[in-house]
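The values are calculated or read from the model by the stated rules, or taken from the named source; none is laboratory data. Please read all numbers here as calculations on a predicted model, not as lab measurements. Note: ideal-geometry Cβ built from the backbone for every residue, glycine included; neighbour counts use all protein chains shown.
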Amino acid sequence: MNKNLSKTLQPVNLLVPQGNIESYVTAIHAIPVLTAEEERALAIEYKESGDLDAVRGLIMSHLRFVAHIARSYSGYGLPQADLIQEGNVGLMKAVKRFDPEVGVRLISFAVHWIKAEIHEFVLKNWRVVKVATTKAQRKLFFNLRSAKKSQNWLTNDEIKAVAEDLGVAEIEVRRMESRLNSRDTAFDLPNDADDENSFAPAAYLESANSDPAVKFEAEDWQQHHQQRLMNAIKTLDERSQDILAARWLSEDKSTLQELADKYSVSAERVRQLEKNAMKKLKSVMA
């Protein structure tokens, strides 16, 4: 590897943009661009020996191109740092597949991989509800945004022109335009929202507790369960009942030692009585 390039790359790790984007862009533009000969030599070195310093040199010297490509996707409202990071992933995939013997520069080969990763990121994150799933829809998604000259809806003539240009039906153009112009709504209201003048889908969902039948069933089951418990407790001797009541049913719960003093036995004996009583309850209610 070129010694000057190696010296420049050694102290920095710029594959994941952090902090101020402008500082990041300044840093990657300080990395020298490889000549065709240097690029080919590093690519051959990586292919033949798997030298990680060589692949690192190829990647780092092309980060400026990734940032330039990612900037063209800023209109989707996604963080620029995330777009650059995804583009860098595409660049790394391109370097892995790059063949120096073909006779083209790395950036010409890598553009496809960089854009593919950014496209995938945009489609996954631009909307909660996916706007494009098939290959044809993805092509329409990105081309339609660039084809629209304003925020207004397309005219019939413009829709027809876009459909003919992209080789899709006019109805598909209309559907995609509708998706592009839609906006996601938060499911819950923000903490500082005005409840009376704000809308959130969560406020309009049916509550399970609002069904009288469901509510009655829950209350009936609770009463039935409580009655079974009381009947099971009555099968215990008086001392065991008192221990369970003092340990589990009273708001001011007694300690083992307090009950031991009450019945003139050891705390360990009280614990055994409590354990046996609980075991009997479980068997009765099973």
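At-a-glance table
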item: Residue in region 83-91 that is surrounded by fewer than 21 Cβ atoms within 10 Å (Cβ to Cβ), assigned to a loop (DSSP other than H, G, I, E, B) and either at pLDDT 90 or above or outside the structural domain of Glu172 (by TED's automatic domain parsing) (or both) present; result: no
item: Residue, modelled with the lowest pLDDT, within region 92-105, restricted to residues that are more than 11 Å from Tyr46 (Cβ to Cβ) and of a type in the set (A, V, I, L, M, F, W, C); result: Val102
item: Some residue of region 49-64 being of a type in the set (A, V, I, L, M), surrounded by 16 or more Cβ atoms within 10 Å (Cβ to Cβ), in a helix (DSSP H, G or I) and under 26 Å from the mean Cα position of the chain (by Cα); result: yes
item: Qualifying residue in region 127-137 (condition: modelled with pLDDT of 90 or more, within 30 Å of Ile159 (Cβ to Cβ) and surrounded by 14 or more Cβ atoms within 10 Å (Cβ to Cβ)); result: no
item: Glu38 being part of a helix (DSSP H, G or I), more than 17 Å from Trp113 (Cα to Cα) and modelled with pLDDT of 90 or more; result: yes
